[in-house]
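The values are calculated or read from the model by the stated rules, or taken from the named source; none is laboratory data. As the structure is a prediction and not an experimental result, all values here were calculated from the model. Positions of Cβ are backbone-derived with ideal geometry, glycine not excepted, and every protein chain shown enters the neighbour counts. Accessible surface is based on the protein model in full, side chains and every heavy atom, while ligands, DNA and RNA are left aside. Shrake-Rupley method; radii C 1.70, N 1.55, O 1.52, S 1.80 Å.
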Amino acid sequence: MLRENLHDIQKRVRLACQRSGRNPDEVTLIAVSKTKPVSMIQEIISEQVFDFGENKPQELRDKYELLPKDLRWHMIGHLQRNKVKYIIDKACLIHSVDSVRLAETINQEAEKHGIVMPVLVEVNIAKEPSKFGLMPEETLDFIREVSHFTHIKVNGLMTIAPFVENPEDNRFYFQNLKKLYVDIKEKNIDNVNMCILSMGMTGDFEVAIEEGATMVRVGTGIFGERNYQI
Ligand SMILES: *Cc1c(COP(=O)(O)O)cnc(C)c1O
């Protein structure tokens, strides 16, 4: 079941690349394993997928401990400052930086570990009141500000697009995030390397790829529905 789901998603990623004239090597599929057991992750690893996304720091840490150490763990959920310590030496990329205070904490923790932490800046591209992330128009100034931290490196932008029935409804938002990404890239800000655009989930990853996503985060499409009771 899992394998078939995965192969179907991988095929749809390839087709979306084809349609938009992109090289599939430019797009990383992140298997979002939140709430799912280690046994399911192992099944996905056996299919040569090594990028996993989690939204709870403790869950990321616990799964990290139980699984091979060469996996790439992506911290994709809202991150509280007091929990940065759980993931600082385990995550390969934090997708959800949305405040200077959080950036500062990540910087401090990274310094303690003698590393430079790659991060993405989360943008609330549709300006939904319920969502985390910076407003698009404040993103450039925010990146200029956090670019001064020496132990984090801004590598791009991330967004969680609105929940919609028809993925076409999000195309405009993906286009807007891509534009913002290109605008910021063209500023050539010191210590910023805009190379990652993390957008698209189960419901809309194909449209996101057509509009330039370099990372898509797919949970339900691979692992099935999540049950939050357990
Ligand atoms: C849960 C989650 C996903 C995956 O969502 P699906 O709709 O299950 O693919 C992607 N990104 C973030 C930030 C998430 O929290």
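Would you mind checking the pairs Lys153/Lys187; Lys83/Lys131; Lys83/Lys153; Lys90/Lys127; Lys34/Lys112 and listing those with alpha carbons more than 24 angstrom apart? Those over the limit are Lys90/Lys127; Lys34/Lys112.
Per residue, the accessible area of segment 2-223 comes to 46 Å², computed with a 1.4 Å probe over protein heavy atoms only. Protein heavy-atom surface of the chain, 1.4 angstrom probe: 49% of the accessible area is carbon and sulfur, with nucleic acids and ligands not counted. Label Arg226 and Asp62 with points 7 Å out from Cα along Cα→Cβ: what is the distance between them in nm? Using points 7 Å along Cα→Cβ, the separation is 1.4 nm.
Using the alpha-carbon centroid of each, what span in Å lies between segment 155-224 and segment 61-112? Comparing the Cα centres of segment 155-224 and segment 61-112, I get a distance of 20 Å.
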